[in-house]
1. Measure off, as a whole percent, the carbon and sulfur share of the 1.4 Å-probe accessible area of segment 135-195, all protein chains present.
2. What's the long-distance tail for segment 414-459, i.e. % of Cα pairs beyond 12 Å?
3. Do you know the relative contact order of the chain, to the nearest whole percent, from alpha carbon pairs under 8 angstrom that are 6+ apart?
4. Want the number for Arg552 to Thr244: 0.36 nm per residue separation, take away the alpha-carbon distance, what's left?
5. For the residue pair Leu771 and Ala275, what label-to-label distance in nm results when each label sits 7 Å from Cα along the Cα-to-beta-carbon direction?
6. Once R0 is set to 25 Å, what does the formula 1/(1 + (r/R0)^6) return for the Cβ-Cβ distance between Ala354 and Asp54, expressed as a FRET efficiency to the nearest 0.05?
7. For a Förster distance of 22 Å, can you work out the FRET efficiency between the beta-carbons of Ala298 and Arg162, rounded to the nearest 0.05?
8. Counting Lys and Arg as +1 and Asp and Glu as -1, each charge on the Cβ, what is the dipole of segment 508-610 about the Cα centre in debye, to the nearest 20?
Amino acid sequence: MPPSQLWFDQPAGNDWNAALPLGSGRLGAMVFGNVADERIQLNEDTVWSGGARDRINPDARAALGAIRQLLAEGRLAEAEALADRALAGVPDSQLLYQPLADLWLAVAHPGHPRPRPAEGTLARLGLAPQPPAPPVTEYRRELDLAAGEARVGYRLDGVTYRRTHLASHVDGVVAIHLAADRPGAISLAAHLSRGTHTHYAARYLDQVVQADGDALIGSGRAGGRLGDALAVGLRVHQRGGTATLIGETLVVEGADEVLLVVAGATGFRGADPAAAVAATTRAALALGWSGLQRRHRADHGALFAACGVELAGEAPDLPVGARVARLRAGHADPDLLRLFFDFGRYLLIASSRADSLPANLQGRWCQDMEPAWGGKYTININTQMNYWPAEACGLGDCHEALFALVERLRASGAEVARRMYGCRGFVVHHNTDLAADACPTDRNLAASYWPMGGAWLSLHLYERARFAATTAERARAWPAVRDAALFFLDFLVPDAAGRLVVSPSCSPENLYRLGDGTVGSLCAGASMDTQIVDALFAAALDLAGDGEADFRAQVAAARARLPRPAIGRGGRLQEWADDHGEVEPGHRHISHLFALHPGGAIDPVATPALAQAARATLDHRLANGGGGTGWSRAWIINFCARLLDGEGAHRHLVHLVAHCTLPNLFDDHPPFQIDGNFGACAGVVEMLVQSHRRAADGTPEVHLLPALPAAWPAGRAWGLRVRGGGVLDLEWRDGAPLAATLRATTGTAFDLRCGGRLQRITIPAGGEWRLGGR
């Protein structure tokens with residue numbers, strides 16, 4: 001495998017967006033790499049601003065008919081006013097994702113004064129200059145994606161200092177190992193704080209106590225009367241020198257090497273989080289550094305090695321910032337794009353595991369008590385984009401966290417469906433949170449009352465079933481798909497033309513203009529809604545068993561009455577059931593192309609006219625300034641790949657890395673929002689292989705190199721998963737396949753599309769098919 005390190009020649013200083021992310025699924029850490037005044041910012045997945053509440057608006061069900069009637073009569077202002085009062089959650093907002101704590105290390109070096117905490121605090125508040133760091137040489141800060149470790153190294157006064165950091169899923173801790181090549185050179189003072197990014201800002205910790213002679217345990221409450229208790233624990237072991245607890249500070253003097261372990265927990269998973277972190281850190285420390293590192297590398301490495309990509313071309317040995325600057329200036333760097341692909345896989349492993357909550361808007365990393373958009377699960381595109389690479393990149397374990405959330409949403413969403421709308425099944429709107437809240441939130445007419453979140457999330461279970469091609473996965477997907485379909489069997493209403501539409505709803509976060517100049521958000525029959533319901537009904541028909549004849553008949557009849565994709569002005573796909581004007585032609589959401597990606601109903605091979613309309617839609621958005629956010633640009637990569645436009649996909653991938661990333665390569669909305677990292681990762685796979693298309697008899701089609709750009713004339717990929725239970729290894733040269741191996745995890749047939757030729761192959765379970773080879 002090619003090297004997978006992101007390296008930097010400067011510390012992050014005070015810039016959170018330059019710090020290096022570590023994660024275990026449940027825990028997250030941002031490593032700044034400062035020489036003397038180090039900060040490690042910590043997150044735990046269940047630290048949110050409160051707990052579960054009943055927010056269902058008691059007037060929703062009674063008002064639903066009136067809202068629909070007002071929309072049907074064109075009385076838009078009245079419909080929106082009533083909806084905003086009667087459908088909004090009570091209270092209006094969901095929970096906020098929040099930080100766990102900060103770990104501060106004041107690192108002393110022989111012959112140089114120890115930094116004073118007050119100096120660092122004033123500097124972070126902008127009230128004083130940053131204290132000068134010791135004059136080090138050979139500084140290097142790196143994130144090893146394959147090992148899941150962040151490392152810092154430098155020389156000072158002839159001594160080489162090394163720090164290695166990891167977040168262990170196996171042992172539930174963030175571990176920091178400090179060493180030097182001169183005995184007795186490690187001295188530091190460590191303490192915990194929470195809340196304002198500064199030393200000794202313990203306003204969100206109720207107490208910090210000493211424990212066992214080698215530990216500090218901070219505890220508090222996550223927020224509000226309903227918030228969970230939380231705890232964070234720090235424990236130390238040193239070889240040589242001394243370690244002493246003084247008040248809320250852990251002081252190490254003259255050690256040869258030091259191991260620090262940190263754990264966090266809340267009452268979400270257990271009644272006594274303080275006891276839990278004490279036990280977790282004690283058990284981790286007993287393993288020692290070598291044991292922790294060995295177990296972590298085995299766990300993380302198995303997931304990271306599941307797949308990979310290598311692109312021929314120059315790989316300059318430069319810091320990340322210099323490579324991004326070269327890319328921005330027009331220099332080719334295919335290896336940097338490969339690293340960005342690897343970084344996306346790394347971030348999914350770090351932020352989402354089977355026993356954690358899913359990755360949210362910030363993945364697992366958040367330093368603010370009131371983060372942008374609440375740090376929630378925004379499910380009108382963003383959370384779904386987080387998981388686009390999961391199946392194709394062999395990271396099904398990471399997808400499990402989302403499936404667990406869907407199962408909780410089935411319960412909460414059933415209550416919302418019944419009490420708000422009088423419907424069967426389950427419904428979720430455009431956001432959810434720790435409590436699996438399914439109610440509308442934030443009183444945004446362009447987003448809040450969109451009832452499609454549960455349906456879209458259910459399709460992720462169906463995608464798993466398609467990739468795995470097993471009876472067990474089909475059975476697992478069925479309850480969520482069935483219940484989401486039941487809701488829409490009840491919720492859909494006929495429009496004036498007799499078509500069944502979703503009402504009320506919206507095209508996420510966008511506005512339309514009527515012929516008289518009226519601007520609106522709410523509508524009946526947004527194109528995205530119809531496309532999602534069509535995909536949902538298709539999945540339900542595929543999964544329904546022989547005993548579901550009545551259900552199948554109802555779904556088939558309703559599906560036949562859905563509006564079909566319509567081509568409107570400028571040859572573009574209509575975003576709404578009627579061909580309304582656009583208030584913002586370059587809007588970041590391109591929701592009416594759902595059927596192109598991640599859906600598959602629009603396809604240049606199967607539906608060329610609709611694909612051409614999708615192309616016109618995309619061109620129109622871009623011509624008017626679209627793709628300005630990182631995640632929107634990532635979606636465009638996938639759109640271009642599905643349109644078999646490799647040059648466009650590559651151009652937008654380069655633009656994203658060069659212009660829509662932060663110093664540590666986090667995706668920039670702005671501010672930081674992680675979905676673009678994952679969307680770009682998925683887009684690279686879509687450029688190399690596609691498997692969404694299937695024959696009339698259901699046989700999946702595997703299309704090799706469907707959108708390969710000229711900039712990638714040679715390369716290889718391995719471990720890519722395709723629908724139908726296949727695993728693909730692929731090598732290409734001069735833009736054409738040189739060798740390929742397709743392994744079948746279950747016995748199945750595939751239609752293989754390669755170089756304009758389509759052939760059907762059958763592979764037994766555990767067998768493989770080969771093209772070429774050396």
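The values are calculated or read from the model by the stated rules, or taken from the named source; none is laboratory data. Since we're looking at a predicted model, the values are computed, not measured. FYI the Cβ positions are ideal-geometry reconstructions off the backbone, even for glycines, and counts take in every protein chain you see. When the accessible area is computed, the model is the full protein with side chains, heavy atoms only, and any ligands, DNA or RNA have been set aside. Shrake-Rupley method; radii C 1.70, N 1.55, O 1.52, S 1.80 Å.
1. 51
2. Working: 601 of 1035 pairs.
That fraction is 58 percent.
3. Numbers: 1860 pairs, mean separation 90.4, N = 774.
The normalised contact order for the chain reaches 12 percent.
4. Values: separation 308, 0.36 × 308 = 110.88 nm, distance 6.92 nm.
Stretched fully, the Arg552-Thr244 segment lengthens by 104.0 nm.
5. 5.9
6. Numbers: r = 29 Å, r/R0 = 1.18.
Given R0 = 25 Å and the Cβ-Cβ separation, E is 0.25.
7. Values: r = 22 Å, r/R0 = 0.99.
My answer for the efficiency is 0.50.
8. On the way: 8 positive and 14 negative charges, 45 e Å.
Value, rounded to 20: 220 debye.
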